[in-house]
Amino acid sequence: MNAWLYVAEFILALALAPLASGIINRVKAKFAGRHGKPLLQLYYDIFKLLFKGEVLGEGTTWVFSAGPVIAMISSVAALALLPLGGAASPLAFQGDFILCAYLLGMGRFATVLAALDTGSPFEGMGASREALLGALGEPVLFLALLALITTAESLGVPRELSLSTLFNGFSPLAWLNGRPELIMLVFVMGVLLLVENCRIPVDDPTTHLELTMIHEVMVLDHSGPNMAFVQYGSAVKLWLFSSLLTGLVLPVMPVWAHTLSSILGVFVCAAAVGVIESVMARLRMHVVPALVGLAGSVAAFVLILTLVR
Amino acid sequence: MFNYRESVAWNDIPLVSMDALCSFAVERCRRNWRLLALFGVPSPSGTEVVCLLADASARLLDAVRALPGRAYDSMTPQCPQAHLFERELFETWGIRPEGHPWLKPVRFRPAEGGKRNARPGPGQADYYRVEGAEVHEVAVGPVHAGVIEPGHFRFQCYGENVMHLEIELGFQHRDAEHLVLTSPARLVLPIMENMAGDTAIGHATAYCTVVERLSGVKVTDRAHILRRLALELERLANHTRDLGAIGGDTGFLPTSAWNGRITGDFLNITSELCGSRFGRNLLCPGGVKWDLDAELCRSLAKRLRAAYRDARGSVDVMLESSSVLARLTGTGRVSFEDARALGLVGMAARSCGVAVDARMDWPLCDLDNGTLHKRMRTTGDVLARTLLRSDELNDSAASAEADLMQLGFSSGEEACRVSVPEAMPASRLAVAQVEGWRGEVCHVGITGKDGSWLAYKVIDPSFHNWFALAMALRGEQISDFPLCNKSFNLSYCGHDL
């Protein structure tokens, strides 16, 4: 029963994922005084791209074509480890967050390889920047997870330590049980969301200036169905990080309420990203590590607080 | 030496040896004169090189000419501001400046039939290269992702750091200076207005001033006020657009979007003057073609106030955002020494603390400059160039409004156009320096024995300032290039001519 519920939630998440990007665009348009693209634009784009031909550079190999597929599949697989709408993932096991983190890492690795495969200096630059951000973001994610795990152990959570336990109403419970420091993890996850999805202030997804891009420059050479996979993969990744953030905030609720509020939570995250992108300029590239470092120190601070109890 | 508002007889310009010309220019530049122009003029005994120098403190110009033959010792090592002029001489007239540190073509021949000397085709040039296993080269353009003009940029990078940037332009060379000499008279003004499309009024003003100075025609005050109004409107529109573009490049959305609309408001005011949003067909030698009546002045002043209020608000939103200021501060710095040595003009120079502004240094008329001041910044970074634009926005809006008021009050008292004699006096040279929105637009006209053009030289501010962008990028991050580029916003076709 529980597994079927999860499958339904999972399909719902996959179907709604491109909508979040529409919400971001709409919020940004409103701030700029424009009407903006249709909410469903990304659906149209993906549909259109799926039926387009693909242009391959002369120097590219199968690595280039495989990149977007691997990246998309790893994002979808990582999402399948998350609790969705209050339902625990049937795949959950003790320590599955490590698998989740490295599935995302594999997706990034495939994207970076595909970018390097083109031999274009722009894509090489983007790949180097993406690799740097990935390397910086990973320890921050694990510091945050460690803080959650230590709290769970000291509070004596009976079930195994998986994403489905830690991001499923656990954190608000901990806040109320004398662990308010975990609230700070919301900030950490928020920064990670911006970094991993290459949003302002880390990267500007709408710019046409290839020298300043991080993620977008790596996918410049993709076209047709592969470009659709790239776009859908990023949409799923955004959904994944928004779900993690929502999972930190939402308390335990009845299934229908939890489903509704977690989807709403993702949309709120998307709207918040839209607001941040509208009111803030990009950071200079060499300041970005400082932002990730800030999130890392906050996560470390939370971890210390949980350890010294 | 001669007064900048007067023309000088070609035969009164001393003919010296090329070495003397070079040492003369080098020595003057050391004493704070600026190299205004260095170009070739055809003569029966071979190509004559004319060197024009300007001293802003005394408002004096000086000219010498020489017959260099095929080669001479380059003055660029002692006087860096000559570097592009000497490359141009080499390319156009085949006169080789020996010892020039980086002698290569400035522009490329149009695809079909080069009219004069054979020039290399696009991209056929050597590039400066840094060797090393960890050094990588990034080439951008000439075809870009945005809808902009063609230009090729080569970065020598060590990681994210730029060690050297080489800018290669000249892809849209139209041989415009040659077109001026060969076109029917009625086409000359449109050619001038298209030297750099966003400085139509600046270039047209410079051309008209050259013709008027050659013919000795005095233009009425009303025409001067109308010209100033048009120039300041051009400045307002372009500064507003640039400030929005700087916002766009930092990823700051609101100002970028709003300024796009507000730019249109300023352009629409210009279109009320003459029917063209870019001020085409407004000016003519002898004055301006269209006058304003009192009622139109009032309504335009009202619209100007509203557009300025919107622009001010939009720019303030950006300048009060700490994340934007953090992005702009210290990015793309050009030092005062470099700015002086390279002979930068306009905003780019003023943002480095070099006090050059043709509106005050070389006024076109005796009218009071009113609210226009020489705005200065000293840090030379993107922030300085942004704040400078923001300051000039205030000045230009106040000046344009005051001019509209005055035009309205004195409507009908004075004509806005006087007639200019058909034929220009023979064998004379005149210079015009007009502060376009980017900087000093300099035109030099020389008439031949029959009173028609013997040579016409156009120097757009971008010609001087492109190299400043290369200097700004030294030691910077490659990801800051688009922002630095936007903060200069130089013209490609103004350079390519």
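Taking every full run of DSSP H in chain A, the ones that stretch at least 30 Å from end to end by Cα along their long axis and average -1.0 or higher on the Kyte-Doolittle scale are A:2-32, A:96-118, A:121-155, A:224-249, A:255-279. Taken one residue at a time, the phi angles of region B:346-357 give Karplus couplings (6.51, -1.76, 1.60, θ = phi - 60°) of x, 3, 4, 6, 5, 6, 9, x, 8, 7, 10, 8 Hz. Gly and Pro are set to x.
Quick check on chain B: take the gyration tensor over C-alpha atoms, sort the square-rooted eigenvalues as a ≥ b ≥ c, and tell me if it's rounded (a/c under 1.5), prolate or oblate. Walk me through the numbers on the way to the answer.
Details: a/c = 1.71, a/b = 1.04, b/c = 1.64.
Oblate.
Residues in region B:456-468 carry Karplus couplings, in order, of 9, 10, 10, 10, 6, x, 4, 4, 6, 8, 4, 5, 4 Hz; the curve used is 6.51 cos²θ - 1.76 cosθ + 1.60 with θ = phi - 60°, and Gly or Pro positions show x.
Rounded to the nearest 20 debye, the dipole size of chain A about its Cα centre is 800 debye, using +1 on the Cβ of Lys and Arg and -1 on the Cβ of Asp and Glu. In order along region B:22-39, the phi-based Karplus estimate (6.51 cos²θ - 1.76 cosθ + 1.60, θ = phi - 60°) of 3J(HN,Hα) comes to 5, 5, 4, 5, 4, 5, 5, 5, 5, 9, 6, 7, 10, 6, 7, 7, 8, 8 Hz; Gly and Pro are listed as x. What does the C-alpha gyration tensor say about the overall shape of region B:374-467? Classify as rounded when a/c is under 1.5, otherwise prolate if a/b is larger than b/c, or oblate. Taking the square roots of the gyration eigenvalues as a ≥ b ≥ c, region B:374-467 is oblate. The residue list B:G451, B:G264, B:F85 was ranked by how far each Cα lies along the charge dipole of chain B toward its positive end, using unit charges on Cβ atoms, and B:G451 comes out on top. Counting only DSSP H runs of at least 4 residues, each contributing -39500 (n - 2.57), and dividing by the residue count of chain A, the helix-based mean residue ellipticity at 222 nm comes to -23500 deg cm²/dmol. Spatially, region A:49-103 and region A:176-216 are offset by 20 Å when compared through their Cα centroids. A quarter of the convex hull surface defined by the alpha-carbon atoms of the protein assembly as shown gives 37.9 nm² as the mean projection.
The ranking of A:Y102, A:Y232 by Cβ neighbour count inside 10 Å, starting from the fewest, reads A:Y102, A:Y232. Computed across region B:1-106, the Kirkwood hydrodynamic radius from all distinct Cα-Cα pairs reaches 13.9 Å.
Overall, the anisotropy analysis places region B:130-176 in the prolate class: the square-rooted eigenvalues a ≥ b ≥ c of its C-alpha gyration tensor yield a/c not less than 1.5, with a/b exceeding b/c.
Largest GNM mean-square fluctuation among A:L39, A:L294, A:L209, using chain A with Cα springs under 10 Å: A:L209. For B:E272 and A:A135, a Förster radius of 45 Å and the Cβ-Cβ distance give a FRET efficiency of 0.20, rounded to the nearest 0.05.
Summing +1 for each Lys or Arg and -1 for each Asp or Glu among the other residues whose beta-carbon sits under 14 angstrom from that of B:S351 gives +4.
Please build a GNM for chain A, connecting alpha carbons under 10 Å apart, and tell me which residue among A:A147, A:A135, A:A174 fluctuates the most. It is A:A135.
B:D293 sits among other residues whose Cβ lies under 14 Å from its own Cβ, and their net charge, with Lys and Arg +1 and Asp and Glu -1, is -3.
Can you give the relative contact order of chain B as a percent, counting alpha carbon pairs under 8 Å and 6+ residues apart? Write out the running numbers ahead of the final one.
Details: 1003 pairs, mean separation 93.6, N = 497.
This gives 19 percent for chain B.
Diffusion coefficient of region B:426-497 by Stokes-Einstein, Kirkwood radius over Cα pairs, 25 °C, 0.890 mPa s: 174 µm²/s.
For region A:38-308, the relative contact order works out to 32 percent when only alpha carbon pairs closer than 8 Å and six or more residues apart are counted.
When the helix-only estimate is applied to chain B (DSSP H runs of n ≥ 4, each -39,500 (n - 2.57), divided by the residue count), what is the mean residue ellipticity at 222 nm, nearest 500 deg cm²/dmol?
The helix-only estimate for chain B comes to -13500 deg cm²/dmol at 222 nm.
What FRET efficiency would be calculated for the residue pair B:M1, A:L294, taking the C-beta separation as r and a Förster radius of 41 Å, to the nearest 0.05? The formula returns an efficiency of 0.10 here. Take the Cα of B:K374, step 7 Å toward its Cβ, do the same at B:E98, and the gap between the two points is 4.0 nm.
Any read-out appearing in this document is the output of simple, stated calculations on the displayed coordinates, not a laboratory observation. Note that the structure is a prediction, hence the values are computed from the model and not measured. We place every Cβ from the backbone using ideal geometry, glycine too, and count neighbours over all the protein chains shown.
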